[in-house]
1. Select from segment B:103-140 the residues that are within 19 Å of the chain's Cα centre (by Cα), among the β-branched types (Val, Ile, Thr) and in a loop (DSSP other than H, G, I, E, B) and list them in ascending order.
2. Does any residue of segment B:163-175 turn out to be of a type in the set (D, E, K, R) and at the interface with another protein chain (Cβ under 7 Å from one of its Cβ atoms)?
3. Provide a single number: the residues in segment A:120-149 that are surrounded by 20 or more Cβ atoms within 10 Å (Cβ to Cβ) and outside any helix (DSSP H, G or I).
4. Sort out which residues of segment A:350-378 are more than 20 Å from residue A:32 (Cα to Cα), within 14 Å of chain B (Cβ to nearest Cβ) and part of a loop (DSSP other than H, G, I, E, B), and write them in order of number.
5. Any residue in segment B:74-82 that is within 14 Å of another protein chain (Cβ to nearest Cβ), of a type in the set (D, E, K, R) and not in a loop (DSSP other than H, G, I, E, B)?
6. Which is in a loop (DSSP other than H, G, I, E, B), touching an Asp or Glu at 6+ places or on another chain (Cβ under 9 Å) and in contact (Cβ under 8 Å) with a residue 40 or more places away in the chain, of B:160, B:150, B:195?
7. For residue A:405, which of the numbered conditions (1) more than 28 Å from residue A:157 (Cα to Cα); (2) in contact with a Ser or Thr (Cβ under 7 Å, 6 or more places away or on another chain); (3) surrounded by fewer than 16 Cβ atoms within 10 Å (Cβ to Cβ) fails to hold?
Amino acid sequence: MRDFIAFVRSSLGAVVHGSSAYYRWLAFLGVWMLLGCAAATYQFANGLGVSSLTDQVPWGVYIANFSFLVGLAAASVLVVIPAYVYRDAALYDVSILGELLAVAAMVMSLLFIVVDLGHPELFWHLLPMLGILNFPQSMLAWDVVVINGYLFINAYVVSYLLYSKYCGRVPNKRWYFPVLLLGVVWAVGIHTIPAFLYASLGGRPFWHSAVLAPRFLASAFTSGPALLIIALTVVRDQMHFPVREEALHRLRQIVGVAAVFNLFLTVSEIFVEIYPGTSHSASMRYILVGLHGHNLLVPYIWSGIALSVFAAVVFLARPLYSRPKVLLVACACAVIGVWIEKGMGLVIPGFIPTSLGEIVEYSPSFIEFCVSAGIWAIGAFLYTLMLKVAVPIELGTLRLPGAPNERIGLDPIRGAA
Amino acid sequence: MSEDHQNDDEREAVVEGVGKAQASRRRFLQVLGAATATAATSQADAAPWEEYFQQHYKRLTDEDKRAIFARLEAEVQDKYGVTVRINDPKPIDGVEFAYALNLQACVGCRRCEYACAQENNTSRSPEMHYIRVLQMDKGSLDVERSNTTYEGAVPTPEHYYQPVQCHQCRDAPCVRACPVNATWAEPDGIVVVDYNWCIGCRYCEAACPYFARRFNYEEPTVRPSEINPDQGYLSNRLRPRGVMEKCTYCLHRTRKGLMPACLEACPTGSRKFGNLLDPNSEVRQVIETKRVYILHEDAGTNPRFYYYFG
């Protein structure tokens, strides 16, 4: 218990001490967080009428970000499998960063659901026993279960690993490995269930597609590791955390395959919708070329496709990806490309036209923009603070007084196996 | 049909099962509520907590309901100075409601739409309507080619008209979608919403293939003089902001033997309503003798709403 208090105290110490760049970054995020909180409060006080949402388009930028963020959590499983199952030492060293990214992503996606509710204060209606969770009928109930579960799994594993290492102990496999493996299985759910949330709606032809869940998987495997590459580069340069070239190389290979496969699935979807020209293709026509003169999202989706294509080309061409700066730009493009495609590019056209043929377009209101930016800032803030604790523990510099200051790497796992 | 009842019974059983585990919590809340009531100087001060902790409709005792109805009536009196009566007519055994609408006779006058708004106390500003009347191109059944914002004299020679409202589906995707069971199908087939249980996620609205659900993005407003004082708890009582609502076949009328307001307003007699289980009912006669067409039948929701010709 005394050790744990020391752990909390050391963590707080690590969080509040940093370079001036660190403080500037936190202050920058703080401003957006304040703005977001103010906007969310305004929305809570005045109702969702302050959004641009309508009965025709009842979901907008909040649910779009939610869909994207559940995918971002793939950063976790894609380092956990190579690191713990295939014993990849390079990825093991950085696996904690991927798991923490998943924690931040889950927190953000839960926040995006909460701000989308008409009555967020009635969340207790979702709690089993106290309220009624319509499980297993409602896919949204499934989502509540898988997201909270994944958050818990990742938070538990990283907390345990970091605490053990802080105390200078080799993490005991018995205490985390079963949960870690459960997380690998759970990851299938975390990417599939949100896809089923949409695909299960027979009345929305744009979503009612068997390829949607594979697309969610492919785009998640693109955006998650791509953002992790960026995060690893920043942590290496700013926090002097040694990241082996092999780790970046391996992640780049994963992103490359996933990005190409994601594009392939997108093209398949477009072909099947457009070629036969059935009335069910109206939403796809709306997003690609516009429908009856309505084309608000057409430039948006094409910019997303262009970014994804550019990223895929870079990931495949050695002369391009071997330049670190080009690789970073490509990773950013891949993340933004998926954000466009799986965010508003997926959610909005599902409602256009409505099931009665009406066309009402949507773009987020100022309040929705501020709330969304605020939640992203909260996620970035949380991830930064978690890294500020995790990195020195991983390096061996942050330890319980008296504990040995050496890195605890992959070898102990092998020993424990 | 029997399968349907079975499903309903099962759902009831589930809710009741949980309800037992609820009992102690409810007692706790009652104590809490009582404590708040004593601490507070007036009943009105206790209301927000009672409202916040109010249980799901199916978990309420008759006593709970009486207190809630009284509270809601008092709130309307306070806010609008209007005396309303909230009642809760129960589904009748052996009754399954269904609607039939004559596409050949409808002239697109939208009187049903406005009569519905009046009857059901739907918000006037922002304006909300349960019924959408589609102006359809002759030669096509494709609703995507329809126009809902038509103006001027009706009917025009180039068009026919198709009013759409909640189809009270037997396999309602909205009911399945709701994460908290705030919407369900009653034994007489009417899909209702517990306005105090809905958390406002709008998944049901996304799931509906008939664009039949409406969300209160803003505080609904109805002029005091226009409030219909005869209100059903599960139908036309005044709704709060941030919850879903929908057509209930005017259950506060139809369960007492009256016709829905949209039917009574129709000048052409295009609308037929009645008990599907009664072989002599008009709606049953229509289904048996006319050419019937079901909108979006491919969505597989098995609606209790039929369009017919002739």
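1. B:122, B:131
2. Within segment B:163-175, not a single residue is of a type in the set (D, E, K, R) and at the interface with another protein chain (Cβ under 7 Å from one of its Cβ atoms).
3. Summing the residues that are surrounded by 20 or more Cβ atoms within 10 Å (Cβ to Cβ) and outside any helix (DSSP H, G or I) in segment A:120-149 gives 5.
4. A:352, A:353, A:354, A:355, A:356, A:357, A:358, A:359, A:360, A:362
5. Taking every residue of segment B:74-82 in turn, none turns out to be within 14 Å of another protein chain (Cβ to nearest Cβ), of a type in the set (D, E, K, R) and not in a loop (DSSP other than H, G, I, E, B).
6. Details: B:160 fails: in a loop (DSSP other than H, G, I, E, B); B:150 fails: touching an Asp or Glu at 6+ places or on another chain (Cβ under 9 Å).
Of the residues listed, the single one that is in a loop (DSSP other than H, G, I, E, B), touching an Asp or Glu at 6+ places or on another chain (Cβ under 9 Å) and in contact (Cβ under 8 Å) with a residue 40 or more places away in the chain is B:195.
7. (1)
Yes/no per residue for (1) surrounded by fewer than 18 Cβ atoms within 10 Å (Cβ to Cβ); (2) outside any helix (DSSP H, G or I); (3) under 20 Å from the mean Cα position of the chain (by Cα):
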site	(1), (2), (3)
A:250	no, no, yes
A:280	yes, no, no
A:296	yes, yes, no
A:307	no, no, yes
A:331	no, no, yes
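The values are calculated or read from the model by the stated rules, or taken from the named source; none is laboratory data. Not measured: the values here are computed from a predicted model. No Cβ is skipped: glycine too gets one built from the backbone with ideal geometry, and neighbour counts run over all protein chains shown.
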